[in-house]
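Below: one structure, written as structure tokens.
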There are 2 protein chains.
Amino acid sequence: MQLTKGFEQAACIIALLATQNRQIPISSQVIHDRVNGSQTYLQKLLRKLVVAGLITSASGNSGGFSLAKDPKEITLLEIVQATEGEIKTYPDLGFIDLVFRDFRPLSQEATHVINQAFHQADQLWCQYLSTKTVYQIIVDTFGKEDIPLVDWNDSKIDSSLILPKLKK
Amino acid sequence: MQLTKGFEQAACIIALLATQNRQIPISSQVIHDRVNGSQTYLQKLLRKLVVAGLITSASGNSGGFSLAKDPKEITLLEIVQATEGEIKTYPDLGFIDLVFRDFRPLSQEATHVINQAFHQADQLWCQYLSTKTVYQIIVDTFGKEDIPLVDWNDSKIDSSLILPKLKK
DNA sequence: GCGTTTTTACTCGGATACTAACTGTCCGAGTGCTTTCGG
DNA sequence: CCGAAAGCACTCGGACAGTTAGTATCCGAGTAAAAACGC
């Protein structure tokens, strides 16, 4: 049970935007150069983030994407939900009701009880991630309060750096 | 992000065994009749549960499967881990280190911070599920303390009951 | 100059192909109870 | 009778096929800023 690769990419995009000089949007080209994935697949991810209201897109010349709100107000949970949809770990395909179908009202009660248990667990997970803001994550990495802003559109990647291989 | 179909089936099998007269194992045939899935795939699930030490198998004539320990000592978390392996929701494919590869020591720090955050969330999820025992789930459904035991090998399924369709 | 047209650099969104994890199938081997059979 | 052999009803575990969610690709359309153009 894992989050998707798409989520990890989305998180990076948010990190990129959070350290980007506001007002200036980042073009999808620049994002692609850094993330090294499928150009068009990234655009689908970006679209999801736009729909979720985490980022905004500007079309036209010198357009691109920017953060829709302050990094202090974007939580990890929001990124998860934007890319994965609502979190519900118990699949609930109705197996309990199938297996115990000759004990009918009870089998449905059992389904309810187990759904409840997993829902509670999911709540705890979500609740914790909703306390972790993007701002806090960045501050924790830098180890200082003020986040330096850049214009990623300018900075070329040093191509002498070997491309780190992604884990299997 | 969901648990697999296999987990839901495994949970049903545990429920079946938890209401089974101890000493008498349930044959894989009977389990299959109830769960209605792939005969041999169920056996793979059963194998996982055996390896995890949740159930035991008896080979030979009139063999089958029984619970390895008291339902009070089997938690939902154990079933999850038996079927899914260790829970680690953040994929950690190394995208952060890739995207910010020209800020090297820092990018690794960021990876660590986010891993830490998700690990913490996972812990909360696991911790909660480890408090939910199979016994407690069953008691909650029945609404009474003593769980009636049956020999599922005997009880035929009333075939007049229409097979409930599984959700997509 | 100043308004209009063209160019350019982007995003939007649907249709479709690829891929890997999950699910399902097949088959030969091993194990222990039960039945059969020879003496 | 009684011990050994055969049969039976199970599990074990590897190799491989099918399915589906997630990932990747293609392409035509739309949009807004900047540049070019005409008078």
Discussion item. Residues that are more than 9 Å from DNA strand D (Cβ to nearest atom) and open to solvent by less than 10 Å² (accessible area, probe 1.4 Å): does segment B:30-40 have at least one?
Written reply: yes
Worksheet entry | Residue check, B:THR4 closer than 30 Å to A:ALA11 by Cα, open to solvent by less than 10 Å² (accessible area, probe 1.4 Å) and touching an Asp or Glu at 6+ places or on another chain (Cβ under 7 Å) | no
Item to complete: Within segment B:107-126, identify whether any single residue is β-branched (Val, Ile, Thr) and under 23 Å from A:GLN123 (Cα atoms), and answer yes or no.
Response: yes
Worksheet item: Can you tell me which residues in segment B:44-54 are loosely packed, with under 14 Cβ neighbours inside 10 Å and within 13 Å of DNA strand C (Cβ to nearest atom)?
Response: B:LYS44, B:ARG47
Worksheet entry | Residue tally, condition out of contact with any Pro (no Cβ under 9 Å at 6 or more places or on another chain) and at the interface with another protein chain (Cβ under 10 Å from one of its Cβ atoms), over segment B:16-30 | 1
Item to complete: Please specify each residue of segment B:27-40 satisfying the condition of being free of Cβ contacts under 8 Å to residues at least 12 places away in the same chain and within 13 Å of DNA strand C (Cβ to nearest atom).
Response: B:HIS32, B:SER38, B:GLN39, B:THR40
Fill in: Segments classed as helices (runs of 4 or more DSSP H), wholly inside segment A:71-154, with at least 3 members that are farther than 29 Å from A:ARG22 by Cβ
A:95-99, A:104-129
Worksheet item: Here is a list of conditions, (1) more than 8 Å from chain A (Cβ to nearest Cβ); (2) surrounded by 20 or more Cβ atoms within 10 Å (Cβ to Cβ); (3) not in a helix (DSSP H, G or I), and B:SER62 meets all of them except one; can you say which number that is?
Response: (2)
Practice prompt. Looking for whichever is away from DNA strand C (no atom under 13 Å from the Cβ) and part of a helix (DSSP H, G or I) here; the options are A:GLN23, A:GLN9. Which one fits?
Written response: A:GLN9
Discussion item. Regarding segment A:69-83, can at least one residue be identified that is of a type outside the set (Lys, Arg) and more than 15 Å from the chain's Cα centre (by Cα)?
Written reply: yes
Item to complete: Check off (1) at positive phi; (2) exposed (fewer than 13 other Cβ atoms within 10 Å of the Cβ) for A:GLN127 and give me the number that stays unchecked.
Response: (1)
Item to complete: Would you please name the residue that is nearest to B:LEU149 (Cα to Cα), looking only at residues in segment B:52-73 that are among the aliphatic types (A, V, I, L, M) and more than 7 Å from DNA strand D (Cβ to nearest atom)?
Response: B:LEU67
Worksheet entry | Condition broken by B:ASP122, with the remaining ones in (1) at the interface with another protein chain (Cβ under 9 Å from one of its Cβ atoms); (2) open to solvent by 30 Å² or more (accessible area, probe 1.4 Å); (3) acidic (Asp, Glu) satisfied | (2)
Item to complete: Check A:SER57 against each of (1) more than 7 Å from every other protein chain (Cβ to nearest Cβ); (2) crowded, with 16+ Cβ neighbours inside 10 Å; (3) under 18 Å from A:TYR135 (Cβ atoms) and name the one condition it does not meet.
Response: (3)
Worksheet, complete the sentence: Only one of B:ILE96, B:ILE87 is farther than 20 Å from A:PHE95 by Cβ, more than 13 Å from DNA strand C (Cβ to nearest atom) and of a type in the set (Val, Ile, Thr), namely B:ILE96
Item to complete: Could you tell me whether segment A:85-100 includes any residue that is more than 9 Å from every other protein chain (Cβ to nearest Cβ), under 26 Å from the mean Cα position of the chain (by Cα) and aromatic (Phe, Trp, Tyr)?
Response: no
Practice prompt. Specify which of the listed residues (A:ILE138, A:ILE74) is surrounded by 14 or more Cβ atoms within 10 Å (Cβ to Cβ), of a type in the set (Val, Ile, Thr), within 9 Å of chain B (Cβ to nearest Cβ) and more than 14 Å from DNA strand C (Cβ to nearest atom).
Written response: A:ILE138
Worksheet item: How many of the residues making up segment B:101-111 are open to solvent by less than 30 Å² (accessible area, probe 1.4 Å), more than 8 Å from every other protein chain (Cβ to nearest Cβ) and within 36 Å of the chain's Cα centre (by Cα)?
Response: 1
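The values are calculated or read from the model by the stated rules, or taken from the named source; none is laboratory data. In this text the structure is predicted, and so the values were computed from the model without any measurement. Note that each Cβ is placed from the backbone with ideal geometry, even for glycine, and that neighbours are counted across all protein chains shown. Calculation scope for accessible area: heavy atoms of the full protein, side chains included, ligands and nucleic acids excluded. Shrake-Rupley method; radii C 1.70, N 1.55, O 1.52, S 1.80 Å.
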